[in-house]
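Notes follow once the structure below has been shown.
Laboratory data are not the source of any read-out in this text; all were calculated from the coordinates shown. This structure is a prediction, so every number in the text was calculated from the model and none was measured. Glycine also receives a Cβ, built like all others from the backbone with ideal geometry; neighbour counts cover every protein chain displayed.
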Ligand SMILES: NC(=O)c1ccc[n+]([C@@H]2O[C@H](COP(=O)([O-])OP(=O)(O)OC[C@H]3O[C@@H](n4cnc5c(N)ncnc54)[C@H](OP(=O)(O)O)[C@@H]3O)[C@@H](O)[C@H]2O)c1
């Protein structure tokens, strides 16, 4: 059966999910209002159908799939409801279980919680869309046979995403902060030499991490706050990821900068480079 899905919004990840839905003959719409040319270009390339406004779009779909920066997830849900939508709403963003519940309360009975692990789904076997709650199996079926490995899970899909990213993005922030500390203390060469002896691969990993995170740090900040809140709500220390959020906040201005290396990231973390 062909579903009519509104994708908010076609970012790097969202577009790949939209393309997968189209492969299964579903109709995927997006809203042009307020978005940049980069988003419009991705949507065009993937053959998504544009609508000028949210109000126009919600009248032409049965479902909404939210894939946006985590800090915008609640506002997107509120806007969709304010535009008159009351169908199935999938939030696939990196938000805490509490934020997911808040979104569920906003959008009502049609809520399905989701969490994405892996890079944008342009090849098979790399991207998992975890789904939980009533409706999870139905949403997973939309993606059957595509490059998106959609998996219903017991418990909260958002909690699973928080646990996963707590390590991947949390450890990336830690490694970058350590490189900045070593620089500030004048022990970079000695640290890299010691890592080369006892922590094989870490010198290269720290350099690679700078390039891999700099363009996305602006949205990782919000994700780290969501993870910290998840730890806090569980009665666990939340400081690791509050610090990670601050690391990514300092890197935020690197969003549109090309070929960022570790030296540039260190300069930002140490406040040696202005905005
Ligand atoms: N990329 C990945 O590898 C990856 C992996 C796992 C999970 N995810 C999840 O996927 C979600 C989005 O990632 P992405 O890679 O698609 O991000 P992205 O490429 O940065 O795209 C974000 C999209 O959201 C729009 N947007 C920006 N600011 C917004 C705001 N304040 N309110 C509403 N929409 C806004 C952007 O539109 P404009 O730029 O046109 O304003 C763009 O279309 C996140 O929740 C993330 O955790 C991504």
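Give the Debye-formula value of log10 I(q)/I(0) at each listed q (0.10, 0.11, 0.20 Å⁻¹), with one equal scatterer per alpha carbon of the stretch 159-269, two decimals each. The Cα Debye sum returns log10 ratios of -0.29, -0.35, -1.02. Stretching residue 193 away from residue 52 to a fully extended chain increases their span by 45.1 nm, per 0.36 nm per residue minus the current alpha-carbon distance. Helix content alone sets the calculated 222 nm mean residue ellipticity of the chain: runs of n ≥ 4 DSSP H residues at -39500 (n - 2.57) each, divided across all residues, give -16000 deg cm²/dmol. What separates the Cα centres of the stretch 1-61 and the stretch 191-239 is a distance of 32 Å.
Between the Cα long axis of helix 188-198 and the first principal axis of the chain there is an angle of about 80°, rounded to the nearest 10.
Round to the nearest 10 and give me the degree value, 0 to 90, for the angle of helix 217-233's Cα axis relative to the longest principal axis of the chain. That helix lies at roughly 90 degrees to the long axis. Each peptide among 199-207, 69-77, 243-251 gets the average number of other Cβ atoms lying within 10 Å of its residues, and from highest to lowest they stand as 243-251, 69-77, 199-207.
Note the per residue figure in Å³ for the convex hull of the C-alpha positions in the chain.
136
Over the stretch 4-154, calculate the relative contact order: mean separation of alpha carbon pairs under 8 Å at least 6 apart, over the residue count, as a percent. Write down the numbers at each step before the final one.
Details: 309 pairs, mean separation 32.0, N = 151.
It comes to 21 percent, rounded to a whole number.
For the stretch 4-154, the share of DSSP beta bridges that are antiparallel, to the nearest 5, is 20%.
What is the angle, in °, between the Cα long axis of helix 239-251 and the longest principal axis of the Cα atoms in the chain? Nearest 10 is fine, range 0 to 90. That helix lies at roughly 90 degrees to the long axis. Remark: relative contact order (the chain) = 14 percent; criterion is Cα-Cα distance under 8 angstrom and separation of 6 or more residues.
Among 156-166, 87-97, 127-137, sorting by the average number of other beta carbon atoms lying within 10 angstrom of each residue, highest first, gives 87-97, 156-166, 127-137.
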